[in-house]
Amino acid sequence: MASRVLTFKALAALLSYPERELVEALPELAGAIDSEDLIPSGERRALGALIAELAQAELMSLQENYVGLFDRSRDLSLHLFEHVHGESRDRGQAMVDLGGLYASHGFMLAGNELPDFLPAVLEYLSHRPLPEARDLLADMGHILQALGGRLAQRRSAYSAALAALIRLAGEKPAFDPASGGTVEREDPAALDEAWAEPPAFGGGRSEAQVAPVRFYPKGAAR
């Protein structure tokens with residue numbers, strides 16, 4: 001089962017700030033997703049469109065698009081607590097709790113990234129048993145649905161990555177990443193209710209904090 005977590009690592013990479021290393025690794029990422037066969041064929045086709053876009057576009061254009069989407073719009077923030085706690089004091093404690101969860105399993109963030117950054121969460125999940133990883137994804141399902149729907153409305157290929165995560169959580173996306181259509185309107189009240197108990201995953205993000213996130217076992221060389 002351990003080999004199957006490569007899908008989470010691949011999706012973490014696809015949702016990270018695009019660097020030259022990411023573009024060069026795209027064939028390997030696509031191969032990992034296909035070989036594990038955890039994502040249904042429809043969502044895999046949509047992921048293929050995202051991978052093709054990342055492979056074919058100019059790097060600077062990819063980077064500008066990423067910053068424009070995720071760093072300049074709170075509605076599209078990849079910091080999950082942003083969609084739950086906003087600027088409230090609860091966000092700080094939620095960060096501490098999530099960081100403590102990582103530490104309790106022997107992992108810590110590399111660099112200065114915040115623990116609720118979605119690629120960071122996925123890197124962590126890639127080190128956990130698959131059923132546990134699926135359960136945690138299901139806990140954040142309403143946030144993933146909201147993010148994916150907003151990206152689909154903007155006809156962003158990144159919506160495919162959110163659709164794949166929702167499928168991994170055992171749910172059906174409420175949007176169509178291929179057409180950009182939203183099947184169901186998101187319910188803000190449902191977002192609040194889903195994340196009320198237990199406290200889980202927000203935070204701000206500056207354009208300087210764009211390095212890909214990696215996890216390392218405590219005491220390991222970086």
Requested in this report: With a point put 7 Å past each Cα toward its Cβ, work out how far Arg154 is from Arg128 in nm, to one decimal.
Outcome: 2.7
Requested in this report: Set the Förster distance to 25 Å, then compute FRET efficiency between Asp34 and Glu171 from the Cβ-Cβ distance, nearest 0.05.
Outcome: 0.70
Query raised in the report: At a Förster distance of 22 Å, what's the computed FRET efficiency of Ala49 paired with Ala110, Cβ-Cβ distance as r, to 0.05?
Result: 0.15
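Express in nm, to one decimal, how much length is gained between Val23 and Ser61 on full extension, taking 0.36 nm for each residue of separation and deducting their alpha carbon distance. Display every interim value, and only then the final one.
Values: separation 38, 0.36 × 38 = 13.68 nm, distance 1.27 nm.
So the chain would gain 12.4 nm between Val23 and Ser61.
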Query raised in the report: So what are the ³J(HN,Hα) numbers for the stretch 103-119, from phi and the Karplus equation (6.51, -1.76, 1.60; θ = phi - 60°), rounded to whole Hz, Gly and Pro as x?
Result: 4, 5, 10, x, 10, 9, 5, 8, x, 10, 5, 7, x, 8, 5, 3, x
Query - For the stretch 21-33, 3J(HN,Hα) per residue [Karplus equation, 6.51 cos²θ - 1.76 cosθ + 1.60, θ = phi - 60°, Hz, x = Gly/Pro] - result: 4, 5, 4, 5, 8, 4, x, 5, 5, 4, x, 5, 5
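Every number here is computed from the coordinates shown, using simple stated rules; none is lab data. Keep in mind the model is a prediction, meaning the values are calculated, not measured. Ideal geometry is used to build each Cβ from the backbone, glycine not excepted, and the neighbour counts take in all protein chains shown.
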